[in-house]
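A.B. asks: Structure in structure tokens, see below.
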Amino acid sequence: MPAEIISDIYKHRWTVELFFRFFKHVLGCRHLLSTHPAGVQIQAYCAIIACLLIHLWTGGKPTLRTFEMLCLYLQGWATLEEVMAHLEKLKAKSREPPTGG
């Protein structure tokens, strides 16, 4: 096979690997809740919908800490003020100029 095709296949493989890393580490889906294909599909859809909702609410890429904070809020263990303070901290951090190194 030509090197370009191998490179393209590897690039797509890496994208899939990154998605599953994000799925497992940020969205907390380390274990499947079902072994049935429909159950796996529902879990994946729920995680992706949660990710999109977090992005819509925060205006940024979902992080593990943001996901945890929203889970705590939905469980009644964090207040809306705590969630908003977390989001403000993220916004302030994203406005900081990158440091050179």
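A.B. asks: Through the Karplus equation 6.51 cos²θ - 1.76 cosθ + 1.60, θ set to phi - 60°, convert the phi angles of segment 74-86 into ³J(HN,Hα) values in whole Hz; use x for Gly and Pro.
C.D. replies: Result, rounded to whole Hz: 5, 8, x, 9, 10, 8, 4, 4, 5, 5, 5, 5, 4.
A.B. asks: Restricting attention to segment 35-77, which chymotrypsin sites (Phe, Trp or Tyr not before Pro) occupy a DSSP loop and are surrounded by at most 15 other Cβ atoms within 10 Å?
C.D. replies: Trp77
A.B. asks: Now for a different question. Return the loop-located trypsin sites (Lys or Arg not before Pro) in segment 2-101 (DSSP other than H, G, I, E, B) with at most 11 other Cβ atoms within 10 Å of their own Cβ; answer none if there are none.
C.D. replies: Passing sites in segment 2-101 are Arg30.
A.B. asks: As a test of the formula, what do you get for the chain when each DSSP H run with n ≥ 4 contributes -39,500 (n - 2.57) and the sum is divided by the residue count, at 222 nm and rounded to the nearest 500 deg cm²/dmol?
C.D. replies: About -24000 deg cm²/dmol.
A.B. asks: Using the Karplus curve 6.51 cos²θ - 1.76 cosθ + 1.60 with θ = phi - 60°, what ³J(HN,Hα) values do you get for each residue of segment 21-33, in whole Hz, with x for Gly and Pro?
C.D. replies: Working through the residues one at a time gives 5, 4, 4, 7, 8, 7, 8, x, 8, 6, 10, 6, 7 Hz.
A.B. asks: Percent of Cα-Cα pairs more than 19 Å apart in the chain, please.
C.D. replies: 58 percent
Read the figures in this text as sums done on the coordinates, not as results from a lab. Being a predicted model, the structure only gives us computed values, none of them experimental. Note that each Cβ is placed from the backbone with ideal geometry, even for glycine, and that neighbours are counted across all protein chains shown.
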